[in-house]
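No value in this document is a laboratory result; all are computed from the given coordinates. As the structure is a computational prediction, the values presented were derived from the model and not from experiment. Cβ coordinates were reconstructed from backbone atoms using ideal geometry, including for glycine residues, and neighbour counts include every protein chain displayed.
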Amino acid sequence: MFDDYDRPIVKDLGSLIGTQVKYGNDGEGWRRDFAWIVGGSKVPKRITPIVIYVNDKLSRLKFSAGTERTTETHTPGRGPIFLRKKLGEGGFGVVTHFWNVSTAEEYALKQPSKRALIEKEFDARSWKREASIMGRIDHEHIVRLLRAEEEPFPKLYLEYLPGGSLLDQEHMSTGECIQVLRQLLLALAYLHRLEPPIVHRDIKPENILVESRYAGNIVVKFGDFGISRERRESGNWKTICGTWRYAAPEILESRELRNSKERSRKYYTTAVDIWSLGVVMFRLLRGLPEYKPKYDLQGAKWGKMILTKLKHDLEERPSELLQFLSTKMLVMAPGARDPTTLPRVLNGEDLGV
């Protein structure tokens, strides 16, 4: 039997005790008047065995990995069945892929980790703020928020991207890097021109997700807006946060002041995102200098190390793309990271391609 998309399915046509289809160790649940996709989609293709459990009065079916009969008494359940796969977990949050066995619809669910829930180590206000910010965003190169729930604990239902993150990609060509840069600069231009503007503050390879990559073409999107913020009426941002390896010099300098117990703290602008994306691109193209723990306490020195290597690489192997990073993105002075050039970059004018 096949569904409307010509995918092979198993279907219960109203049997008394129902049917169960298990995909490996996942998908448990008896259902009546229900359909299970068992082929024609990437998810069931990668899972074995697929076992069909049927009423013991039925003859044994011959289906790929096998079937089993049951003599158990039970009442078929209701509602959809999802296959689940953990995509990633941090100290306070976990992201899981959900795939509907009947429709092949899928999404990524972000929620507090089990430990965070047990120990109540999550800030419901922060989750609500992230949902609110993502609810304002509608851009082809930013992961979409499908819906959000607050009770009994925060849940963000997000668009699922099957290609993993930039960190998972190998042997990226210069052409692919240019595509990534164009797409993400367009996304940043969109975020920074909203009213009020949104700053991401944690741009790194792990937070750049891949929708597709095939035959020299790649499509990416920004994800994880957990520490992003809207600009307040009082002015720019000053919270010290992010991943230090990709953080802008002005944030690292403020961190140094905080560590020295000085009360003064520098404000920063959306230019911090331009720097962070520049570091990501430099890593993809030529690699970063070795990051040493001592840089944690040395303010902007890490940024200067990046610029030293960038200058050396430009002298050794000149590149219009590296030159663009050097003059428009990886610049110590925030005001010199000129966002007005971004649309021309997207058209290839500054890159010479």
Check GLY29: other-chain or 5+ apart residues with amide H under 5 Å from its amide H, H built from backbone geometry? VAL21
Could you name the aspartates and glutamates whose alpha carbon sits less than 17 Å from that of LYS311, not counting residues in the same chain fewer than 8 places away? GLU290, GLU320
Of the options LEU297, MET332, TYR268, report the single residue whose Cα projects farthest towards the positive end of the charge dipole of the chain (beta-carbon charges: Lys, Arg +1; Asp, Glu -1). LEU297
Quick check on the chain: what are the equivalent-ellipsoid semi-axes from the Cα gyration tensor, as sqrt(5λ), descending, whole Å? 47, 24, 17
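Give me D for the range 101-223 in µm² s⁻¹, whole number, from Stokes-Einstein with Rh from the Kirkwood sum over alpha-carbon pairs, 25 °C and 0.890 mPa s. Spell out each step's value before the answer.
Working: Rh = 15.9 Å.
Stokes-Einstein gives a translational diffusion coefficient of 154 µm²/s.
Report for the chain the percent antiparallel among DSSP-assigned beta bridges with both residues inside it, nearest 5. Working shown, then result.
Details: 43 of 48 bridges.
Percentage antiparallel, nearest 5: 90.
Can you list the DSSP H helices in the chain whose Cα atoms extend at least 20 Å along the helix axis and whose mean Kyte-Doolittle hydropathy is 0.0 or higher?
Details: long enough: 174-193 (28 Å, 0.62); 271-285 (21 Å, 1.66); 301-316 (23 Å, -0.84).
Once both thresholds are applied, what remains is 174-193, 271-285.
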Would you please give the residues with an amide H less than 5 Å from that of ILE142, counting only those at least 5 places away or on a separate chain, with H modeled from the backbone geometry? PHE222
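Can you tell me the relative contact order of the chain? Whole percent, Cα pairs under 8 Å, sequence separation 6 or more. Spell out each step's value before the answer.
Details: 609 pairs, mean separation 34.4, N = 353.
Contact order relative to length: 10 percent.
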For every other residue with a beta carbon closer than 11 angstrom to the beta carbon of TYR295, add +1 if it is Lys or Arg and -1 if Asp or Glu, then tell me the sum. +3
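Per DSSP H run of n ≥ 4, the term is -39500 (n - 2.57); total these for the chain, divide by its residue number, and report the mean residue ellipticity at 222 nm rounded to 500 deg cm²/dmol. Don't skip to the end; give the middle numbers.
Details: 9 runs with 94 residues, N = 353.
Computed ellipticity for the chain at 222 nm equals -8000 deg cm²/dmol.
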Report, by chain and number, residues whose modeled amide H sits under 5 Å from the one on GLY93, excluding near sequence neighbours (fewer than 5 apart, same chain). SER113
Dipole of the range 82-158 (Lys/Arg Cβ +1, Asp/Glu Cβ -1, origin at the Cα centre): which of TYR107, PHE153, VAL143 lies farthest to the positive side? PHE153
Leading residue at positive end of dipole, the chain (Cβ point charges), from ASN217, SER41, SER228: SER228
Which value, in debye to the nearest 20, describes the size of the charge dipole of the range 82-158 about its Cα centre when Lys and Arg Cβ atoms bear +1, Asp and Glu Cβ atoms bear -1, and nothing else is charged? 160 debye
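About the Cα centre, and with charges only on the beta carbon of Lys, Arg (+1) and Asp, Glu (-1), how big is the dipole of the chain? Nearest 20 debye, please.
Details: 56 positive and 47 negative charges, 165 e Å.
Approximately 800 debye in magnitude.
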Relative exposure of VAL21, VAL331, judged by other C-beta atoms within 10 Å (fewest first): VAL331, VAL21
